[in-house]
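Report on the following structure.
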Amino acid sequence: MTTRVGVVTFPGSLDDRDAQRAVRLAGAEPVALWHRDKDLHQVDAVVLPGGFSYGDYLRCGAISRFSPVMDTIIEQARLGMPVLGICNGFQVLCESHLLPGALTRNDSLHFICRDQKLRIENAATAWTRDYTVGQEIVVPLKNGEGRFVADAHVLDALEAEGRVVARYLDVNPNGSYRDIAGITNAAGNVVGLMPHPEHAVEPLTGPTTEGLGFFTSVLKQLVNA
Amino acid sequence: MARVVVDVMLKPEILDPQGQAVQRALPRLGFAGIADVRQGKRFELELEGPVDDAALARIREAAETFLANTVIEDFVVRVEEEAK
């Protein structure tokens, strides 16, 4: 049976089609989910894509977090369903309290768009099993509010528990604390990532194909589950 | 109608690059002597009913769950005096 990976579209989602494409290239069946629909249509995992969700004028992801589909996703994520939030999706996961911390305005105040080098720090999450710890990858990054912040004790706990998934290398593009580009929850099924692996899955359109590993990882996770 | 104001500010320990940009511009415009600027949000809520303890408790709950992200922001709820 084909693995079904849902991709939620919020009003303002921009990278939902790219995320669906990445899911397909990884070998799974992408399922489009609408944010007003509570039903997850029997998907095995969910991607919250990047873009600009409606309601970002309050705080990024603040109003999307209360979309009906999020009630079901929060419930299922707590039961272990893999959820990947990319960029705006990461912000929605923080606003949902599935992940700690928050994303704030870049320290430069500029919108940053660049090919970003990352180091994978945790290869045991549902979304990073196809990488190795210390592996360096390049994927696009594009954000205006991508600066990860949290209390010192939260940051210390994330480090101590190995919950930093990826860190910025060479350049910290937005002033994120401790160069953090992505984190996971304690169970390792929920991952938030500011850069965009779904834009690095094909040689024609991406700087590399090194983003594909996030999408192939979850398939392996689900097959082995 | 009664008005309740909710002021939301980034916590002191969170960098406020917008406030800093404003602070740097002030002396250029001739406004000297301002050591720091923090930029926040103000919500003005017009209540349909009276501003009693129950209404204020509901507004505090709204501020805590929705208007502010208490991971990074503090908020203050106050009742605005009615114009005479």
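The values are calculated or read from the model by the stated rules, or taken from the named source; none is laboratory data. Since the structure is predicted, the reported quantities are computational estimates derived from the model, not experimental observations. We place every Cβ from the backbone using ideal geometry, glycine too, and count neighbours over all the protein chains shown. SASA here: full protein model, heavy atoms, side chains in, ligands and nucleic acids out. Shrake-Rupley method; radii C 1.70, N 1.55, O 1.52, S 1.80 Å.
Go through segment A:124-146 and count every residue that is of a type outside the set (Val, Ile, Thr) and open to solvent by 10 Å² or more (accessible area, probe 1.4 Å). Quick ask: steps written out before the conclusion?
Restricting attention to segment A:124-146, the residues satisfying the condition of being of a type outside the set (Val, Ile, Thr) are A:124, A:126-127, A:129-131, A:134-136, A:140-146.
Restricting the remaining residues to those that are open to solvent by 10 Å² or more (accessible area, probe 1.4 Å) gives A:124, A:129-131, A:134-136, A:140, A:142, A:144-145.
The total comes to 11.
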How many residues are more than 9 Å from chain A (Cβ to nearest Cβ) and more than 14 Å from B:Asp74 (Cα to Cα) if we restrict to segment B:9-19? 1
Picking from A:Ile86, A:Ile112, which residue would you name as being more than 16 Å from A:Gly213 (Cα to Cα) and at pLDDT 95 or above? A:Ile112
Within segment B:63-73, restricting to residues that are without any contact (Cβ under 8 Å) to a residue 24 or more places away in the chain and part of a helix (DSSP H, G or I), the one that is farthest from the other protein chains (Cβ to nearest Cβ) is B:Glu64
Total residues in segment A:101-128, condition at the interface with chain B (Cβ under 7 Å from one of its Cβ atoms), within 23 Å of A:Glu161 (Cβ to Cβ) and without any contact (Cβ under 8 Å) to a residue 24 or more places away in the chain: 0
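The rows are residues; the columns are (1) within 14 Å of chain B (Cβ to nearest Cβ); (2) under 15 Å from the mean Cα position of the chain (by Cα); (3) under 30 Å from B:Gly40 (Cβ atoms).
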{"residue": "A:Val23", "(1), (2), (3)": "no, yes, no"}
{"residue": "A:Ala26", "(1), (2), (3)": "no, no, no"}
{"residue": "A:Val31", "(1), (2), (3)": "no, no, no"}
{"residue": "A:Leu40", "(1), (2), (3)": "no, no, no"}
{"residue": "A:Gly50", "(1), (2), (3)": "no, yes, yes"}
{"residue": "A:Tyr57", "(1), (2), (3)": "yes, no, yes"}
{"residue": "A:Phe66", "(1), (2), (3)": "yes, no, yes"}
{"residue": "A:Thr72", "(1), (2), (3)": "no, no, no"}
When A:Asp71 is evaluated against the numbered criteria (1) surrounded by fewer than 19 Cβ atoms within 10 Å (Cβ to Cβ); (2) part of a strand (DSSP E or B), which criterion, by number, is the only one it fails? (2)
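Test B:Met9 against the stated conditions and say whether it is at pLDDT below 95, in contact with an Asp or Glu (Cβ under 8 Å, 6 or more places away or on another chain) and open to solvent by 60 Å² or more (accessible area, probe 1.4 Å).
Working: at pLDDT below 95: no; in contact with an Asp or Glu (Cβ under 8 Å, 6 or more places away or on another chain): yes; open to solvent by 60 Å² or more (accessible area, probe 1.4 Å): yes.
Spelling it out, it is not the case that B:Met9 is at pLDDT below 95, in contact with an Asp or Glu (Cβ under 8 Å, 6 or more places away or on another chain) and open to solvent by 60 Å² or more (accessible area, probe 1.4 Å).
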A:His97: passes all of (1) surrounded by fewer than 15 Cβ atoms within 10 Å (Cβ to Cβ); (2) more than 10 Å from every other protein chain (Cβ to nearest Cβ) but (2)
Looking at the structure I just gave you, is B:Gly49 outside any helix (DSSP H, G or I), among the small types (Gly, Ala, Ser) and touching a helix residue (DSSP H, G or I) at 6+ places or on another chain (Cβ under 9 Å)? yes
If A:His35 meets every condition in (1) at pLDDT 95 or above; (2) farther than 20 Å from A:Asn189 by Cβ; (3) open to solvent by 50 Å² or more (accessible area, probe 1.4 Å); (4) in contact with a Ser or Thr (Cβ under 9 Å, 6 or more places away or on another chain) apart from one, which number is that one? (3)
Note: among A:Leu193, A:Leu158, just one is under 20 Å from A:Val92 (Cα atoms), of a type in the set (A, V, I, L, M, F, W, C) and touching a Phe, Trp or Tyr at 6+ places or on another chain (Cβ under 8 Å), namely A:Leu193
Looking at the structure I just gave you, is B:Ala55 in contact with a Gly (Cβ under 9 Å, 6 or more places away or on another chain), in contact (Cβ under 8 Å) with a residue 60 or more places away in the chain, open to solvent by less than 60 Å² (accessible area, probe 1.4 Å) and farther than 24 Å from A:Glu145 by Cα? no
Residues within segment A:147-176 that are in a strand (DSSP E or B) and open to solvent by 30 Å² or more (accessible area, probe 1.4 Å), tallied: 1
